[in-house]
Amino acid sequence: MAVMLSEELKKADRLSHIGVSEILTITQRAVAMRAAGRPMIILGAGEPDFDTPDNIKEAACQAIARGETGYTALGGTPRFREAIRHKYQHENGLTFDLAEIMGATGAKQVIYNAMAATLDEGDEVLVPAPYWTSYIDIIRFCGGVPVCIPTQEENGFCLTPAQLERHITPRTRWLFLNSPSNPTGSAYTEAALGELAAILRRNPAVNVLSDDIYEHIAYDGFVPRNILQVAPDLRGQVLLVNGVSKAYAMTGWRIGFAAGPRAMIDAMLVVQSQTTSCPCSISQAATVEALTGPQDSVRTCVQAFSQRRDLVVDSLNAIDGIHCLRPKGAFYAFASCRDLIGRRTPHGQVIASDSDFMAYLMAHDVAVVPGSCFGTEGYFRISYAASAENLQTAMARIQSACAQLAQP
Ligand code: PMP
């Protein structure tokens, strides 16, 4: 059989607007260096380093034993959607009908479903930067135009009401909010959400996609709220997106879910019906246990992440030329390396950008992700979902690498 060379393949035009995640490319490079014998510490991936709790794994085994191995209803079994309804009722004080809830193959698919179901060519989607990289590609893939709004470190990387107001046009269909955020770990206060809500109330054609996937990973007693909790009257405009990947260390089980207006959920189900069909039946059973079973594992993980956050942020802030806000949630530190730009490596190369800095750290056996991947240059992201020992070694390497840089 003839093998098709990649340059012979006529790719769809829509693929020209999107690419494979840069984070994945950096991680793959670091993995290859490790395979070649280098002691790489990879702080790129957004994945908890814990295993899925045993009670959740056991629920999956039981589902297999019961023969729950066939297709389920498109948005998930009634038991699964009931567990999601229970979650929203008990954790967020929000009441949804089962018809206002759907499950999908990860939160990423929920976001894809929402964009594919609602965007026409040229529709605008407001995305505060720094953002999770996939937002941009998904919006483009669905024909939309991502309108990136740069947030300021002084505002805790949160969108201000004035910025929101300024960017709304007749073509705006969505505003994305992600709190706590990947990559900055910043989170909106109730007061800040209330101010954004006041503007959205005056702009009923603008929907909000509230990506709450890091909701449970928050520190120092802070309890993140979503915009619907703060402004329940916006119910017709808000799609809540969540999943089990981060809080329950279930990235490989591929379960995300959404709650929102029934018409929106119905349209998203149409997309899902012709792409992946129902989410995995066994993962649905595991999710029921995750959402309704004991929650101690979440608390244990958050405690561990909180100590690692302090280790990473304190170490970074002690390095000349780097500074980092203390994240309120998620498991990322987003640090500025702007003061290092222009400095010279011992080999005489100038660090001209955050990508150069990333490459320089890579040569010191630490993989991080440059801020430009998240739409904000001059920064780098560290995922502290790694062992304290590895984080300590990585911090020492970064410290030593920076100390070797000469002032311009
Ligand atoms: N939203 C954000 C902000 C994320 O960081 C991620 C995972 N990196 C997702 C959504 C997707 O999560 P999943 O598809 O695993 O549910």
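Please treat every number below as a calculation from the coordinates, not as lab data. Since this is a predicted model, take the numbers as computed values, not measurements. As a convention, Cβ positions derive from the backbone with ideal geometry for all residues, glycine included, and neighbour counts pool all protein chains shown.
Computed from backbone phi with θ = phi - 60° and the Karplus coefficients 6.51, -1.76 and 1.60, the 3J(HN,Hα) list for the range 179-192 is 9, x, 9, 9, x, 9, x, 6, 8, 7, 7, 4, 4, 5 Hz; x is used for glycine and proline.
Once the mean of 1/r is taken over each pair of separate Cα atoms and inverted, the range 329-389 shows a Kirkwood hydrodynamic radius of 12.1 Å. Computed from Cα atoms, the angle from the helix 22-35 axis to the main principal axis of the chain rounds to 60 degrees. Taking the DSSP beta bridges with both ends in the chain, the antiparallel portion is around 50 percent.
Only sites in a loop by DSSP and with at most 16 other Cβ atoms within 10 Å count here; which chymotrypsin sites (Phe, Trp or Tyr not before Pro) in the range 29-89 make the cut?
Details: sites: PHE50, TYR71, PHE80, TYR88; in loops: PHE50, TYR71.
Passing both the DSSP loop test and the Cβ count: PHE50, TYR71.
Across the range 48-63, coupling constants 3J(HN,Hα) worked out from phi with the 6.51/-1.76/1.60 Karplus curve, θ = phi - 60°, read x, 8, 8, 8, 4, x, 4, 4, 6, 4, 4, 4, 5, 4, 5, 4 Hz, and Gly and Pro carry x. Distances between placed amide hydrogens fall under 5 Å for HIS323 paired with SER336, all partners being 5 or more residues away or on another chain.
Near ALA367, the amide H atoms lying under 5 Å from its own belong to ILE41, ILE42, LEU43; only residues 5 or more places off or on other chains count, and H is placed 1.01 Å from N. Converting phi to 3J(HN,Hα) with the Karplus coefficients 6.51, -1.76 and 1.60 and the offset θ = phi - 60°, the range 112-121 yields 4, 4, 5, 5, 4, 7, 10, 8, 9, 3 Hz in sequence order, with x at every glycine or proline. The ranking of PHE96, PHE141 from fewest to most other beta carbons within 10 Å of each one's beta carbon is PHE141, PHE96. Ranked by the mean number of other Cβ atoms within 10 Å of their residues, highest first, the peptides 271-280, 130-139 come out as 130-139, 271-280. Comparing GLY348, GLY185, GLY103 in a Gaussian network model of the chain (Cα springs below 10 Å), the most mobile by mean-square fluctuation is GLY348. Principal axis extents of the C-alpha atoms in the chain (largest first, rounded to whole Å): 61, 59, 53. Ranked for footprinting exposure by Cβ neighbours inside 10 Å, fewest first, LEU361, LEU98 give LEU98, LEU361. Computed from Cα positions, the angle between helix 262-273 and the longest principal axis of the chain comes to roughly 70 degrees.
Is the C-alpha gyration tensor of the range 297-408 telling us rounded, prolate or oblate? Criteria: a/c under 1.5 is rounded; beyond that, a/b larger than b/c is prolate, otherwise oblate. Since a/c reaches 1.5 and a/b is larger than b/c, the shape of the range 297-408 is classed as prolate. Taking H placed 1.01 Å from N in the peptide plane, check which residues at least 5 places from ALA129 or on another chain put their amide H under 5 Å from its amide H. Hits under the 5 Å cutoff: ILE149, THR151. The packing ranking, built from the mean of other Cβ atoms within 10 Å per residue, places the peptides 284-293, 212-221 in the order 284-293, 212-221, highest first.
Counting lysine pairs in the chain that sit 8 or more residues apart in sequence, or on different chains, and whose Cα atoms lie under 20 Å apart gives 6. Sorted ascending by nearby beta carbons within 10 Å, beginning with the fewest, ILE64, ILE382 become ILE64, ILE382.
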